[in-house]
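Trainee: Take a look at the following structure, please.
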Amino acid sequence: MFTGIVEAVGSIANIVSNGEDISITVHSGTLDMSDVKLGDSIATNGICLTVVAFDSSSFSADLSVETLNKTGFRNYQVGDRVNLEKAMLPTTRFGGHIVSGHVDGVGTIVERIPVGRAVEYWVEMPQDIERYVAQKGSITVDGISLTVNDLRKQGFKLTIVPHTTQQTIIDEFEVGRQVNLEVDVLARYMERLLGVEEQDSQGSSITMEFLQQNGFA
């Protein structure tokens, strides 16, 4: 589990093809590797990767065919920079939102508009995740916890302040770039609860009215 608060920017040091899947090595940049162990999870551009080897300045991970098919990693090259975040601890300050590291789809940057010291981005999203994205709700873009500031058909707007630009790779986002998207997991659970309620012949006390009254919608 992650928070979407990027801890460091790393870079792809090596990519090895293993038939249909790949193994990668990532230079960890300023990420503190002193407490990393084999089997730990490190979110890499929003993708939860399992550490299979590491040293003080890098880690390696395997990426399955499923991961390559569902994320932007199929287009990554050696030298590409990536956002990094270690899995959260029970004592971690929760500055972002609940992030699982399971990418829901790949979006595309379609507009980039400087506004004062900030930059606005419009991101085109796959139709099948559109229903999970709400104005002023949370979304993870390449591992960054961000707020949706506006919506349109199959698109949402982000407003990026200078601090986020400095601490992540978002300054590299240009029109046409593909980005990993993960919707707020609470939206998925809400849909599941409501779907079960509709299908349950015995009925359920969980309704949209109940969720709204208790601050979940």
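Trainee: For the stretch 57-68, does any single residue satisfy the condition of being touching a Ser or Thr at 6+ places or on another chain (Cβ under 7 Å), assigned to a strand (DSSP E or B), in the same structural domain as Asn14 (by TED's automatic domain parsing) and of a type in the set (Phe, Trp, Tyr)?
Mentor: For the stretch 57-68, residues touching a Ser or Thr at 6+ places or on another chain (Cβ under 7 Å), assigned to a strand (DSSP E or B), in the same structural domain as Asn14 (by TED's automatic domain parsing) and of a type in the set (Phe, Trp, Tyr): present.
Trainee: Would you mind finding the one in Ser23, Ser28 that is out of contact with any helix residue (DSSP H, G or I) (no Cβ under 8 Å at 6 or more places or on another chain) and farther than 15 Å from Asn83 by Cα?
Mentor: Ser23
Trainee: Separate question: So which residues in the stretch 33-62 are more than 16 Å from the chain's Cα centre (by Cα) and buried (at least 21 other Cβ atoms within 10 Å of the Cβ)?
Mentor: Answer for the stretch 33-62, where residues must be more than 16 Å from the chain's Cα centre (by Cα) and buried (at least 21 other Cβ atoms within 10 Å of the Cβ): Phe59, Ala61.
Trainee: Of the residues Ile129, Ile139, Ile109, Ile206, which single one is at pLDDT below 90, surrounded by 13 or more Cβ atoms within 10 Å (Cβ to Cβ) and either part of a strand (DSSP E or B) or hydrophobic (A, V, I, L, M, F, W, C) (or both)?
Mentor: Step by step, each of Ile129, Ile139, Ile109, Ile206 is checked, and only Ile206 is at pLDDT below 90, surrounded by 13 or more Cβ atoms within 10 Å (Cβ to Cβ) and either part of a strand (DSSP E or B) or hydrophobic (A, V, I, L, M, F, W, C) (or both).
Trainee: Another question, then. Just to be sure I understand the filter: pairs with C-beta atoms under 9 Å, separated by 6 or more residues or on different chains, first member in the stretch 96-118 and of a type in the set (S, T, N, Q), second member at pLDDT 95 or above and in a loop (DSSP other than H, G, I, E, B). Which pairs pass?
Mentor: These pairs meet every condition: Thr108/Met125; Thr108/Val175; Thr108/Gly176; Thr108/Arg177.
Trainee: Further, regarding this structure: Would you be able to tell me the number of residues in the stretch 142-184 that are in a loop (DSSP other than H, G, I, E, B) and either crowded, with 17+ Cβ neighbours inside 10 Å or out of contact with any Leu (no Cβ under 9 Å at 6 or more places or on another chain) (or both)?
Mentor: Kept after step one, since they are in a loop (DSSP other than H, G, I, E, B), are these residues of the stretch 142-184: 142-143, 148-149, 153-154, 161, 168-169, 173-177, 184.
This time we only want the ones that are either crowded, with 17+ Cβ neighbours inside 10 Å or out of contact with any Leu (no Cβ under 9 Å at 6 or more places or on another chain) (or both), so: 142-143, 148, 153-154, 161, 168-169, 173-177, 184.
Within the stretch 142-184, residues that are in a loop (DSSP other than H, G, I, E, B) and either crowded, with 17+ Cβ neighbours inside 10 Å or out of contact with any Leu (no Cβ under 9 Å at 6 or more places or on another chain) (or both) number 14.
Trainee: Exactly one condition in (1) farther than 23 Å from Glu172 by Cα; (2) at pLDDT below 95; (3) hydrophobic (A, V, I, L, M, F, W, C) is not met by Val51; state its number.
Mentor: Here Val51 meets the rest and fails (2).
The values are calculated or read from the model by the stated rules, or taken from the named source; none is laboratory data. Nothing here was measured: the structure is a model prediction, and the numbers come from that model. Glycine gets a Cβ as well: all are built from the backbone with ideal geometry, and neighbour counts include every protein chain shown.
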